[in-house]
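To start, the structure itself, in structure tokens.
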Amino acid sequence: MSILCDSQIREMIGIEPFEPAQKRAGRISYGVSSYGYDIRVGTRFKVFTPTPRTGGVSIVDPKAFSDELFVEIDTAQRGADHVIIPPNSFALCETVEVVRVPRDVLAICVGKSTYARCGLIVNVTPLEPEWRGKITLEISNTTPLPAKVYANEGIAQLIFLRAEVACAVSYADKNGKYQDQAGLTLPKVD
């Protein structure tokens, strides 16, 4: 395996919209980096908020996950540039970018240090070879205080690992359940 550099990312990875490496004053960085690509968080969020409408549900079950556990917020509709994640809670969100991973590449997503230094952790599983779509991210607020996340700005970095030989079975070959997701997607079990 080898890590792809900035020029290889432009040539091999499908990312739309694609942003070059550049400084953007007053914004959390996004676009091509030395050995990866800094993705942006979109405007749609599902903030985990146990409310009376959940009927006292006290267990999160990945096999029976309920949309009732979230409050949906679209910052664009509200005319806002950010969302607030409550203390010790989390939000699901989608990326601005649509990503297409080639058959001989694996992408790993890690949170940006700007948010990590504020106690916000970004989690996403690896993007397997031939995975396509908008990425659903999970942002955990590990602090005892509310935390701001800025829409349309950098949130995490994708690191692309290229294999010497393409995989025998790709995510597309397996008809993966999250293939071609158009946006924020809740957990599902086939």
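Values computed for the structure shown
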quantity	calculated
Tally, over region 141-160, of residues that are more than 13 Å from residue 110 (Cα to Cα) and either β-branched (Val, Ile, Thr) or in a strand (DSSP E or B) (or both)	7
Any strands (runs of 3 or more DSSP E) falling wholly within region 31-129 and containing at least 2 residues that are more than 26 Å from residue 143 (Cβ to Cβ) and at pLDDT 95 or above	89-100, 105-111
The listed residue being touching a His at 6+ places or on another chain (Cβ under 8 Å) and among the hydroxyl-bearing types (Ser, Thr, Tyr), out of 75, 95, 125	75
Every residue from region 64-79 that is over 25 Å from residue 190 (Cα atoms) and out of contact with any Ser or Thr (no Cβ under 7 Å at 6 or more places or on another chain)	73, 77, 78, 79
Test result for residue 88, in contact (Cβ under 8 Å) with a residue 24 or more places away in the chain and either over 24 Å from residue 3 (Cα atoms) or among the aliphatic types (A, V, I, L, M) (or both)	yes
Residue ID - surrounded by the fewest Cβ atoms within 10 Å (Cβ to Cβ), chosen from residues in region 21-30 that are among the aliphatic types (A, V, I, L, M) and at pLDDT 80 or above	25
Where a residue in region 70-85 is farther than 9 Å from residue 46 by Cα and hydrophobic (A, V, I, L, M, F, W, C) and its partner, wherever it lies, is at pLDDT 95 or above and part of a loop (DSSP other than H, G, I, E, B), with Cβ under 9 Å and at least six apart	76/151; 76/152; 80/151; 83/151; 84/146; 85/146
Residue 190 being in a loop (DSSP other than H, G, I, E, B) and modelled with pLDDT of 95 or more	no
Lone qualifier among 134, 112, 63 - being loosely packed, with under 14 Cβ neighbours inside 10 Å, in contact (Cβ under 8 Å) with a residue 60 or more places away in the chain and of a type in the set (Lys, Arg)	63
Any pair with Cβ under 7 angstrom, 6 or more apart, that starts in region 159-176 at a residue that is over 9 Å from residue 129 (Cα atoms) and ends at one that is of a type in the set (Phe, Trp, Tyr) and at pLDDT 95 or above	176/131
Extreme residue, farthest from residue 5 (Cα to Cα), among residues of region 151-190 that are under 16 Å from the mean Cα position of the chain (by Cα) and of a type in the set (Phe, Trp, Tyr)	178
Matching residues in region 1-20 - criterion: being at pLDDT 80 or above and acidic (Asp, Glu)	16, 19
Enumeration of residues in region 131-184 that are among the polar types (S, T, N, Q) and out of contact with any Asp or Glu (no Cβ under 8 Å at 6 or more places or on another chain)	140, 141, 142, 143, 175, 179, 181
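The values are calculated or read from the model by the stated rules, or taken from the named source; none is laboratory data. As the structure is a computational prediction, the values presented were derived from the model and not from experiment. Because the Cβ atoms are built from the backbone with ideal geometry, glycine has one as well, and the counts that use them run over all protein chains shown.
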